[in-house]
Amino acid sequence: MKVAHKAAAGAALLAMALTACGGGAADKPKAGSTEAAKEAQQAAAQLPGISINPVAYEQVAEGGTVTLATSSWQSNWNYNQVNGTHDNTDQVMEALMPSAFRSDDKADVVNHPDYVTEWKMELQGETQVVTYKIHEKATWSDGTPITYKDFQAQWKALNGEEKKYQVSSTDGYDRVKSVEKGATDKDVVVTFAKQYPDWKNMFAPLYPASTNDDPEVFNEGWVGKIPVTAGPFKVESINETTKAVTLVRDDKWWGRKAKLDKVIFRAMETGATINAFVNGELDAVEIAAGDAAGLKRVKEVANSDIRKAAAPNWRHITVNGSSELLKDKSVRQAVAMGINRETIAASDLKDMDWPIQTLGNHLYMNTHKGYVDNSGEVGKYNPEKAKQLLEAAGWKQEGEYRKKDGKEFAVRFTVPASLPVAKQEGELTQAMLKEIGVKVTVEAVPDDKFFDDYIIPGNFDLVPFSWLGTPFPNTSLPQIYKTPTGPDNYGSNFPRTGTPELDALIEQAAGEMDPQKAIDLGNQADKLIWDLVHTIPLYQRPDIYGTKKNLANYGSFGFADPKDWTAVGFTK
């Protein structure tokens with residue numbers, strides 16, 4: 001599935017407001033007021049769904065190089081492997097790998113014609129059957145045709161039955177009974193054991209059978225290399241010294257010819273990207289929440305353009321339920337009630353030209369029709385109630401901080417070192433939780449170690465990052481919120497928490513074919529996720545890019561996924 005995590009500030013899907021866009025002018029409604037909430041909702045509703053300087057393919061100039069930045073160096077390029085499910089991987093692989101679907105900015109999903117020329121879903125009685133027609137010219141870069149065998153191998157690797165595959169998600173694949181050859185090798189017949197309404201989200205990205213047939217290749221075969229591709233671009237070089245991946249146009253590509261000659265992705269610390277854009281080293285730069293100064297600097301660059309859109313991405317704090325001091329749910333609830341989400345949102349989003357709202361849902365953003373604020377009491381800032389919960393759990397105030405059985409209540413708030421907004425979130429949390437007797441140490445770690453060495457292995461207590469979503473909100477439920485089946489099989493459930501009741505609702509939502517009933521089940525599950533304090537949502541993450549004015553068909557894509565790399569280029 002296409003849900004990725006991201007360290008950069010605001011990585012499921014589509015908020016109680018403070019102010020409108022901008023920062024605290026005297027004529028703005030009071031923070032937290034009903035007027036402010038209404039104004040912020042109206043501002044959010046007016047955000048564009050996409051902003052990419054759309055230019056007809058024929059009007060894009062031939063040739064040229066686009067240079068972009070990723071937030072850190074990626075070691076594993078298998079997006080479906082737990083260490084590879086990251087926005088950095090996704091950005092690069094979109095230009096290289098097949099996807100069965102493509103969606104527009106309104107989240108309308110169709111088959112991706114360059115890979116799947118036709119698809120069809122039908123119910124044969126209670127049995128769901130999906131058929132795919134693979135493009136007759138679709139071929140891997142090693143010369144192997146793309147066939148049903150690739151779909152079949154990916155299903156077997158991702159369905160969860162073989163535990164040697166370190167997968168980030170089994171969503172959808174675990175509901176399939178069989179993947180078989182149809183009339184030809186280019187025809188795929190997928191028969192489901194359990195109905196799956198979000199079937200369009202599967203096989204995106206698709207990796208070759210040569211990867212998925214072998215757990216060792218799946219887990220390690222894409223570390224430091226991209227051995228096979230099948231897209232409008234191919235890999236020219238992966239340079240770990242300069243931390244750059246260079247793609248060049250693939251003349252064997254069977255679709256329409258890519259306009260660009262070359263695309264370069266440079267891994268850079270977030271704090272360096274604005275300077276690189278201002279200096280002309282990058283053609284586009286993502287502007288993180290909290291970086292109002294960076295936004296101002298980009299606006300001042302000659303022939304630059306600011307592009308922003310409402311995307312299905314959100315900022316949050318993950319709470320490690322397997323951490324020694326946070327195993328007790330009531331303690332996690334106390335921590336949540338001790339954090340003023342409104343204060344963090346106002347701090348992060350001040351002067352970002354973005355509606356300042358907190359998010360009350362783990363699945364649906366405020367612009368999504370399914371949005372309901374399910375935050376309840378846990379989502380409200382209530383330090384007095386937090387103190388009561390901690391007292392009841394045996395944590396007694398002794399001096400500045402609380403102790404239990406002689407042990408001080410001290411937790412780490414782990415952040416990527418180069419991201420000022422994350423440090424700022426940590427310092428705000430530190431001050432807030434001190435008021436309820438909880439000691440917080442802000443721990444800055446190297447950007448490129450943030451996920452692999454801290455989040456993924458559970459080496460943290462509290463950690464801020466962003467979830468990047470897709471047009472399929474409910475598909476994040478099993479991947480992120482289902483109870484882990486073992487210490488090495490937690491998918492992307494980084495807090496390693498869950499309950500049988502929540503699992504049952506997740507199972508129902510995953511198989512509900514009626515869209516409105518699926519949303520209702522998703523909201524029921526969301527209430528339990530709030531109660532569990534698995535994750536503390538903060539706000540819908542701004543999707544803001546600064547670009548060169550003549551860069552065409554690139555910027556803030558909203559729900560549109562994947563990018564059409566054949567049309568990206570410069571205006572004539």
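Annotation note: of N374, N382, the sole residue that is under 19 Å from P495 (Cβ atoms), crowded, with 17+ Cβ neighbours inside 10 Å and at pLDDT 95 or above is N374. For region 173-273, give me every one of the strands (runs of 3 or more DSSP E) that falls completely inside it and has 1 or more residues that are of a type in the set (S, T, Y) and surrounded by fewer than 16 Cβ atoms within 10 Å (Cβ to Cβ). Hits in region 173-273: 176-181, 187-192, 233-239.
State all residues of region 111-137 that are among the aliphatic types (A, V, I, L, M) and farther than 28 Å from R256 by Cβ; if no residue qualifies, say none. Hits for region 111-137 are L123, V129.
In summary, D488 fulfils each of the numbered conditions (1) buried (at least 24 other Cβ atoms within 10 Å of the Cβ); (2) modelled with pLDDT under 95 with the single exception of condition (1). Among the residues of region 315-336, some residue qualifies, meaning at least one is on the phi < 0 side of the Ramachandran plot, out of contact with any helix residue (DSSP H, G or I) (no Cβ under 9 Å at 6 or more places or on another chain), of a type in the set (K, R) and surrounded by fewer than 23 Cβ atoms within 10 Å (Cβ to Cβ). Remark: pairs (first residue in region 90-105, of a type outside the set (D, E); second residue part of a strand (DSSP E or B) and surrounded by fewer than 23 Cβ atoms within 10 Å (Cβ to Cβ); Cβ separation under 6 Å; 6+ apart in sequence or on different chains) = V92/F265; F101/V109; S103/V109. Among the residues of region 39-59, those that are closer than 26 Å to I274 by Cα and at pLDDT 90 or above comprise I50, S51, I52, N53, P54, V55.
With respect to the conditions (1) assigned to a helix (DSSP H, G or I); (2) farther than 30 Å from T429 by Cα, K563 lacks only one, and its number is (1). One residue stands out in region 122-172 among those that are more than 28 Å from the chain's Cα centre (by Cα) and part of a helix (DSSP H, G or I): the one that is farthest from T211 (Cα to Cα), namely Y148. Pairing residues of region 248-259 that are under 14 Å from M97 (Cβ atoms) with residues that are part of a loop (DSSP other than H, G, I, E, B) and charged (D, E, K, R), at Cβ distances under 8 Å and at least 6 apart in sequence or on separate chains, gives G255/D114. Looking across I519, I536, one residue alone is of a type outside the set (K, R) and surrounded by fewer than 22 Cβ atoms within 10 Å (Cβ to Cβ). It is I519.
Against the numbered list (1) under 18 Å from the mean Cα position of the chain (by Cα); (2) farther than 30 Å from N320 by Cα, K548 comes up short only at (1).
Can you confirm whether region 460-467 contains a residue that is of a type in the set (A, V, I, L, M), over 30 Å from W395 (Cβ atoms) and under 20 Å from the mean Cα position of the chain (by Cα)? Checked region 460-467: no residue is of a type in the set (A, V, I, L, M), over 30 Å from W395 (Cβ atoms) and under 20 Å from the mean Cα position of the chain (by Cα).
Looking only at residues in region 511-538 that are modelled with pLDDT under 95 and not in a helix (DSSP H, G or I), the one that is nearest to L326 (Cα to Cα) is E512. For A20, only one of the following conditions fails: (1) more than 30 Å from T358 (Cβ to Cβ); (2) out of contact with any strand residue (DSSP E or B) (no Cβ under 6 Å at 6 or more places or on another chain); (3) modelled with pLDDT under 95. What is its number? Among (1) more than 30 Å from T358 (Cβ to Cβ); (2) out of contact with any strand residue (DSSP E or B) (no Cβ under 6 Å at 6 or more places or on another chain); (3) modelled with pLDDT under 95, the lone unmet condition for A20 is (1). For region 267-281, taking the residues that are more than 23 Å from the chain's Cα centre (by Cα) and of a type outside the set (D, E, K, R), the one that is nearest to A244 (Cα to Cα) is identified as A276. When F192 is tested against (1) assigned by TED's automatic domain parsing to the domain that holds T139; (2) closer than 25 Å to H86 by Cα, exactly one condition is not met: (2). Looking at region 104-111, can you tell me whether even one residue there is within 22 Å of V179 (Cβ to Cβ), out of contact with any Cys (no Cβ under 8 Å at 6 or more places or on another chain) and of a type outside the set (A, V, I, L, M)? Checking region 104-111: at least one residue is within 22 Å of V179 (Cβ to Cβ), out of contact with any Cys (no Cβ under 8 Å at 6 or more places or on another chain) and of a type outside the set (A, V, I, L, M).
Within the span defined as region 295-305, one or more residues are surrounded by fewer than 24 Cβ atoms within 10 Å (Cβ to Cβ) and assigned to a strand (DSSP E or B).
Tally time: how many residues in region 139-163 are more than 18 Å from M97 (Cβ to Cβ), basic (K, R) and at pLDDT 95 or above? Before you say what the answer is, go through the steps one by one.
Step one: list which residues in region 139-163 are more than 18 Å from M97 (Cβ to Cβ), which gives 156, 159-163.
Checking which are basic (K, R) leaves us with 156, 163.
Subset that is at pLDDT 95 or above: 156.
The qualifying residues number 1.
The values are calculated or read from the model by the stated rules, or taken from the named source; none is laboratory data. Predicted model only: the values in this text are computed from it and were never measured. Cβ sites come from the backbone with ideal geometry, for glycine too, and all protein chains shown count toward neighbours.
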